[in-house]
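Trainee: One structure follows; several queries about it will come next.
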């Protein structure tokens, strides 16, 4: 075999062995890419499933959080509808005023048309009799002619004024009629928007009822709610103590700046121990009621009639119609207003001497933090924010951050 033939044979053998190896490597690379792509897709799906599971656990973990989200949306929607109703009333009042103005101007224009009609008939009759000149120049007496001229001039001036007044009245009437048409269209749009808002509020209210029905009828939801309410009560107690410490720190700073010696601090006392009898403390059993209603949830230990769970209520629930005014039981300073989970819209008033009152489930808050208020002043309205039982007021009295039985502080009911 020649050297050339040998070289060709070797080259052919190399080629026949290299092609399958290259194809095999390419096949393995393709399989690896497919595997990596499948792995990425699997990880993506796993991440999505984990996110969905976490979201589901979060929804299940807090009934109060779910209620709070619904309550916030419902409260905001009610505010929007109330604002729309206010605008509707304003537009309706303007429409009534416009209609009165239109009726008055129409009556006035009708009278002007009668007067102008009589003047036109008189002028037409005068024209048929030859016009103004024969009347003006008839007779030889210059005095009579001058009198007739003044009379005709006066009539022309009156006619011109009547025409101007008629034009002004007609223009004013046209403007008011155009404005009335615009306001009626605005009223229709506002009513439609308000109805849509009420429908959204109704849907949120229906969601709320579903959650409350679960709490009422399903043991799992009930137990979860009991635990969350207990935690909410602890958070509220810690929050009141925090506010108290902030207030003391602020007062101490103000005293230092004013170089005033600090007052004697009262010892922390449990509810049944006598406390200094001055200011708020002196009115034990004589405080105003925050609302006039029936106490449907008393202070103290509670046992659920169906599930037998034991809880402790730090205040009282007063059943009263939504929108009823809430009044301050005693003078003081508003320490806090805002949303607190488990209590809805909450108002905390500092009465001095480490005494505080708390008003929860408010629909509307009519005071702001730092306001000095007097006894009997309206501080909000009754609502159902954060409530599990519908519209009512939850009311607490606290001394040194500890709850006391509110009914022992309020005036006896007759």
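Each value in this text was obtained by applying a stated rule to the coordinates, not by laboratory testing. Computed from a predicted model, the values in this text were never measured in an experiment. Positions of Cβ are generated from backbone atoms using ideal geometry, with glycine treated the same way; all protein chains shown enter the neighbour counts.
Trainee: Given points 7 Å out from each Cα along the Cα-Cβ axis, report the residue 250 to residue 378 separation in nanometres with one decimal.
Mentor: 2.6 nm
Trainee: OK, next. Just report the Cα centroid separation between the range 330-379 and the range 159-224, whole Å.
Mentor: If you average the Cα positions of each part, the centres end up 32 Å apart.
Trainee: Hey, what's the per residue convex hull volume over the C-alpha atoms of the range 340-399, in cubic angstrom?
Mentor: Value for the range 340-399: 84 Å³ per residue.
Trainee: Could you compute the FRET efficiency for residue 121 and residue 87, with r as their C-beta to C-beta distance and R0 at 30 Å, rounded to 0.05?
Mentor: Working: r = 50 Å, r/R0 = 1.67.
After rounding, the FRET efficiency stands at 0.05.
Trainee: Using alpha carbons only, how many angstrom separate the centre of the range 241-258 from the centre of the range 382-413?
Mentor: After rounding, the separation between the Cα centres reads 27 Å.
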